[in-house]
Amino acid sequence: MTTFLLQWLNPPWLAYALAALVHCGLLLALVVGSVAVCNWAERKIAGRVQDRLGPARVGGRFGWLQSPADGLKLLCKEDLIPADADSLLFRFAPYISLGASFAAFVAIPLSNDWVAQRLDAAAFFVLAVAGLEVFGVILGGYASGSKWSLFGAMREAAQVVSYEVPLGLCVLVPVMVAGTMNLVKIGNMQEGWFTNWLIFHDPFTFITFWVYLTCAVASVNRAPFDLAEAESELVAGFLTEYSGFRWSAFFMAEYGSMLAVSFLAAILFFGGWNGPVPIARWFGLMQENGPLAGYLGNLLGLANMLAKGSLGIVVMMWIRWTLPRLRIDQVLTTCLKYCIPLAAATFVGAMAWTFVARGGLNAGNDDATTRPGVATGGVQGEVAMTKSQ
Amino acid sequence: MNPINWHSCFFLLAAAVACAAALGVVASKNVVRMAVFLLHALGAVAGLFFLAGADFVGAMQLMIYVGGTLVLIAFGVMLTARRPFLSMDTKLAQWIAGTLVGGCLLAVLLRSALSVDDWAGPVSAAPRAQAEDLATAAPLGMGMLGVRVDRLDEPEAARREGMSGYLLPFEIISVHLLVVLIGAAYLARSTRPGEARLRENVEDKINAG
Amino acid sequence: MSLFTQPIGLTHYLVVGAILFAAGVVCMVTKRNAIGVLMGIELVLNGANLNFVAFANPALRADPGRAVAWMDGHMIALFVIVLAAAEAAVALAIVLSFYHNHASVDVDEADELKG
Amino acid sequence: MVMERISAELVECDVHTDELLINMGPQHPSTHGVLRLVLRTDGELILDVIPHIGYLHRSAEKLGESLAARQWLPYTDRLDYLASMNMNLGWSLVVEKLLGLEVTPRAACVRVMVAELNRIASHLVAAGCYGLDLGSFTPYMYAFREREKILDLFEAACGARLTYSYIVPGGVTADLPNGWLDRCAAFLDQFDPTIDDLHAVLTSNDIFIRRTAGVGVLDMKTAIDYGCTGPVLRGSGVDWDLRRDGEPWYARMYEGYAFDVIAPVHGHYRNEAAYPAAPRAAVVGDCWHRFFVRMIEVVQSMAIIRQAMDRYRGTDASMGQPIKATQKLPRGEAYLETEAPKGQMGFMVIGNDTKTPHRVRARSSCFCNLSVAPELCRGGLVADVPAVIGSLDLVLGEIDR
């Protein structure tokens, strides 16, 4: 894209800027588009769970225009700022959440070659950036000048800070099994049949996934962990005083981070852009068979990722519309008494498994490039790579 | 005209945000806004870490510093955010003294930073522009386990010197962290004087009335 | 304009680090709110960290051909980050307990040794 | 009074703590109408709850002094608007008691049927909204779906879906339409299995149990002291139901019907093998038991309705004559409590030989049940307040009158 633009545009920095803008736009369109779809899907799923239709009239049979109509309504709403609010922070807070939630997509590969920035510590980066979303919530809740909002903010702070720990541990397990934090490498290791997926690698990764699911739901503030906006207790928690576009910014941030944790789960546990069956390899849709084949392979990978991501989101919606909400002390107990010990135990267990089942540090060295279960081989590979430079 | 160096551009952007936010922390009176400025300063510093090729440290900065420490501070701010403490004025004399100390320090630091000509530009012929080439996580982890994989290309003598790694500091810091966390929990847990008495009073009243 | 076209050197990082450090010191000296002082400390630590990380970058130091960063700088930066977290936890615990005892977070009032 | 003194004291020595005074309501999603609770909290901990009522006050009792007994009936619809049939029944019975008026067996059967149907409808609202109070939206929709079907039956019987004015002193406004019994039987048959759905998403759901079991424990003595009635009283283990134990003027309506009074006496329910088992964490008198009592009462009401349908088929067609608006009330007074879904609803009427009563008074069950709320909430967490208030199943129309 950049090279193409460089041929036509002068000065060159314009070409760079334009190319960057286009790529940003594409990424943003993916996220915002999926937010719109999620919004519609949430209503439909809620409807099905509750034995009703959900949106059925706006825009035809499936109510597909519901989300745009809703967005339009939100944009047209009166923009209220309470008199008691710290208006600067109040205006600013939603964009912190939104920015943090979208920034996570910078390091998430959507396919083998389609990733905005290949970071060596990508898994870590995604976790770290997604964790920043809490700041918007805390600030928004505080700046609203309402006691309910303050309650929501305090709960969010307590909850997110505690759930970062088990979430980090859960991410660490597949990272350790794979031997790298590079999400592209982790994804590529799981190529082939679905038995190569890390969730099926050993019993510990299998357990880890369920702990990850719990912690991910908690860290994106979805029911039954939606304490910060518990509508039956705190009116709407940190969102109480928000309306119109700012409210929808928080809303988009929530869906954005749902998508981010789902994508992360897909890459870490479910093979990422590799389907359950190695179709791409059968049809030779690889980069080495020419750019078109590579493009098609990447497209297939994107479809895989989107399917897995949507599955994660659907599961979260299903959970939300089924379960009652936990109490704040129970949320924290779940984290401290169950999630953290369980995650730590699976971490130790996966480490032991890698050593016992794979025969220790040097066993994975031979097939360090393609197979999963190259825990230490990965590190050795890194070392070899850095040495060769 | 030389082509624009994008690395420099992003550096300048992050540096400007970091410095402006740091000055904002100093200048603002409201403690909540200070926290917001600090958030931006720390975030921008994380960006500078990425640009300096320390992507693992940058991610750690975002995760632990911004996501953990700063949330903790925001928590503290909200717990103590009563009107009189929200924004506290500093006396002019204190301002003058503070600025004087800070200014002198800045002068010394800038003097020493600018004094070495070699530091003005990159010395290495191969600047590491591509972030994907960076691999700091694994060497860091190995370093903490006592294996200095970053020194493998050095001569034998220098290598042996550095091969002990960071296992001991790592262990010390782990134990230290544990102690600190327990201590913090203990400190924050202590009951507030007066409160127990207050509760007793109320219960008596309820029982009596 | 040359700033945008010249590659970045060590000095640039050191200057930013110095500014952060000095701002932190001023913050520590002038703020009366205990949490404000804490924020100043964080700034100081960040300024120092920036220097460590910058010095660890082989491209910025006179060591042509070296591809691997010095892990010492990164390692110290990591330790500082982790210790800052611990320090913040303890400092906040102290501030909160002071607040509960004295109903104030003004450091000027914390001038007695008695609890 | 005591409360105010304590509040003043707390404010006075409040300096060192971070107590927060929060208004829960009158506009709040989980206060079931326009109840206002002032919460005094220390972090998430509830130090005190002070209910403020009166936002729905409409002088219903005073209006009763300038309206004929028959004319005041629609006002009873608006007391507990979720159980209007039971409100109608209470007022009709007390007026009949004053007049010494007997109703025909067929009218009594119809009264039993619609009153019990309305009890089911009211308990469904209670169960659904309780799910909502605990953050679960779906049971609400399940419960309201079934309630709609009951409202359809009521609409067929009297033309209204909320304020029926169907049971009137002297009988009912009209006999049931043709085919109503079959519709009712069909409803009961399909409703039976849906109760299990509610049990699945609420009663035996682990999170639900954690939120309700052992929360807001109301012991038997406190319940009796505060005058709690209905499922709240029975949930605390008191085996007391006016349908069985009430005044003969009311209880004879239910004579010959086989049904259980649902209460965990000594921790055990009658026929408890037939119901989902109580979780280990549940304590008699907690939110879980209050909720469970309502769920099982629904089953009992269904049994009563089925028996009443059989009995209705065996009665002759005479429905009796409702009183006219010109009916004079004799000098004297009458008071009668009936077992409404939310507790014992008492009506008092004093006649003075004119058509308008000298005095009308309603004893609200929800008012007494609400008064115990501060006891239950104190020492709990903020999230327990909706759990407790929801388990008391309050309707502000009845409290404020």
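Data table
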{"quantity": "Structure-based [θ]222 nm, the protein assembly as shown - -39500 (n - 2.57) summed over DSSP H runs of at least 4, per residue, nearest 500", "calculated": "-19000 deg cm²/dmol"}
{"quantity": "1.4 Å probe accessible area per residue over the protein assembly as shown, in Å²", "calculated": "40 Å²"}
{"quantity": "Amide proton proximity set for D:Met24, modelled H, under 5 Å, gap of 5+", "calculated": "D:Leu37, D:Val38, D:Leu39"}
{"quantity": "Three-way shape call for segment D:129-238 based on the alpha-carbon gyration tensor, with the a/c threshold at 1.5", "calculated": "oblate"}
{"quantity": "Where the Cα pairs of segment D:222-274 fall when distances are cut into 10 Å bins, in %", "calculated": "24, 46, 27, 2"}
{"quantity": "Accessible surface of chain D [probe 1.4 Å, protein heavy atoms]: carbon and sulfur percent", "calculated": "55 percent"}
{"quantity": "Average other protein chain Cβ within 10 Å of Cβ, residues B:8-15", "calculated": "5"}
{"quantity": "Summed residue charge, Cβ within 15 Å of C:Val82's Cβ, Lys/Arg positive, Asp/Glu negative", "calculated": "-4"}
{"quantity": "Chain D: angle of helix D:287-313 to the longest principal axis, Cα-based, in degrees nearest 10", "calculated": "10 degrees"}
{"quantity": "A versus D: buried accessible surface, summed, Å² (probe 1.4 Å, to nearest 100)", "calculated": "2600 Å²"}
{"quantity": "Segments D:35-42, D:380-387 sorted - mean Cβ within 10 Å per residue, highest first", "calculated": "D:380-387, D:35-42"}
{"quantity": "Average partner coverage of B:17-29, which counts Cβ from other chains inside 10 Å", "calculated": "6"}
{"quantity": "List D:Thr354, A:Thr205, D:Thr326, ordered by accessible area with a 1.4 Å probe, largest first", "calculated": "D:Thr326, D:Thr354, A:Thr205"}
{"quantity": "Spacing of the two label points (7 Å from each Cα toward its C-beta) at D:Asn271 and C:Gln6, in nm", "calculated": "9.2 nm"}
{"quantity": "Shape category assigned to chain D from the gyration tensor of Cα positions, a/c cut at 1.5", "calculated": "oblate"}
{"quantity": "Sparse-neighbourhood loop sites, GluC sites (Glu not before Pro) in segment D:236-337 - DSSP loop, at most 13 other Cβ within 10 angstrom", "calculated": "D:Glu255"}
{"quantity": "Residues of segment D:340-389 buried by at least 20 Å² on assembly (accessible area, 1.4 Å probe, chain alone as reference)", "calculated": "D:Arg378, D:Leu381, D:Val382, D:Ala383"}
{"quantity": "Protection proxy ranking, peptides A:168-180, D:79-91, average beta carbon neighbours within 10 Å, highest first", "calculated": "D:79-91, A:168-180"}
{"quantity": "Relative contact order computed over segment D:249-401 (Cα-Cα under 8 Å; 6+ residues apart), in percent", "calculated": "17 percent"}
{"quantity": "Where C meets B: accessible area buried, both sides, 1.4 Å probe, Å²", "calculated": "7900 Å²"}
{"quantity": "Surrounding net charge for D:Lys355, when Lys and Arg each add one and Asp and Glu each subtract one, Cβ distance under 14 Å", "calculated": "+2"}
{"quantity": "By average C-beta atoms within 10 angstrom, highest first, the peptides B:9-16, A:101-108, B:56-63", "calculated": "B:56-63, A:101-108, B:9-16"}
{"quantity": "Spin-label pair B:Lys29/A:Leu21, simplified geometry with 7 Å Cα→Cβ offset, distance in nm", "calculated": "4.2 nm"}
{"quantity": "Contact order relative to length of chain D, as percent, for alpha carbon pairs under 8 angstrom and 6 or more apart", "calculated": "26 percent"}
{"quantity": "Amide hydrogen neighbours beyond the local backbone of D:Val168, cut-off 5 Å, H modeled", "calculated": "D:Thr173"}
{"quantity": "Local electrostatic count at D:Arg313 - Lys and Arg +1, Asp and Glu -1, tallied over other residues with Cβ under 12 Å", "calculated": "0"}
{"quantity": "Solvent-accessible surface (1.4 angstrom probe) belonging to C:His100, in square angstrom, nearest 10", "calculated": "30 Å²"}
{"quantity": "Förster radius 51 Å - calculated FRET efficiency between A:Phe62 and B:His176 (Cβ-Cβ, nearest 0.05)", "calculated": "0.30"}
{"quantity": "For B:Phe170, solvent-accessible area (1.4 Å; no DNA, RNA or ligand), Å²", "calculated": "60 Å²"}
{"quantity": "With Cα atoms, 0 to 90° folded angle of helix A:66-76 axis to chain A main axis", "calculated": "50 degrees"}
{"quantity": "Loop chymotrypsin sites (Phe, Trp or Tyr not before Pro), segment A:222-325 (other Cβ atoms within 10 Å of the site Cβ: 16 or fewer; DSSP)", "calculated": "A:Phe283"}
{"quantity": "Cα shape, segment A:84-388, gyration tensor, a/c 1.5 rule", "calculated": "prolate"}
{"quantity": "Nonlocal amide H pairs with D:Arg363, under 5 Å, H built at 1.01 Å", "calculated": "D:Gly346, D:Phe347, D:Met348"}
{"quantity": "In Hz, Karplus ³J(HN,Hα) per residue of segment A:288-296 (6.51, -1.76, 1.60; θ = phi - 60°; x = Gly, Pro)", "calculated": "6, 9, x, x, 5, 4, x, 5, 5"}
{"quantity": "Inter-chain Cβ neighbour average for residues B:171-177, partner chain, 10 Å", "calculated": "2"}
{"quantity": "Acute angle (nearest 10 degrees) that the helix A:244-269 long axis makes with the longest principal axis of chain A, alpha-carbon atoms", "calculated": "20 degrees"}
{"quantity": "Segment C:8-106, relative contact order in percent, only Cα pairs under 8 angstrom and at least six apart counted", "calculated": "27 percent"}
{"quantity": "A:Tyr338 versus D:Ser204: modelled label distance in nm, points set 7 Å from Cα along the beta carbon direction", "calculated": "1.9 nm"}
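The values are calculated or read from the model by the stated rules, or taken from the named source; none is laboratory data. Just so it is clear, the structure is predicted and the values come from calculations on it, not from any experiment. Cβ atoms come from the backbone with ideal geometry, glycine included; neighbour counts cover every protein chain shown. Each accessible area value is taken on the protein alone, full model and side chains, heavy atoms only, with ligands, DNA and RNA left out. Shrake-Rupley method; radii C 1.70, N 1.55, O 1.52, S 1.80 Å.
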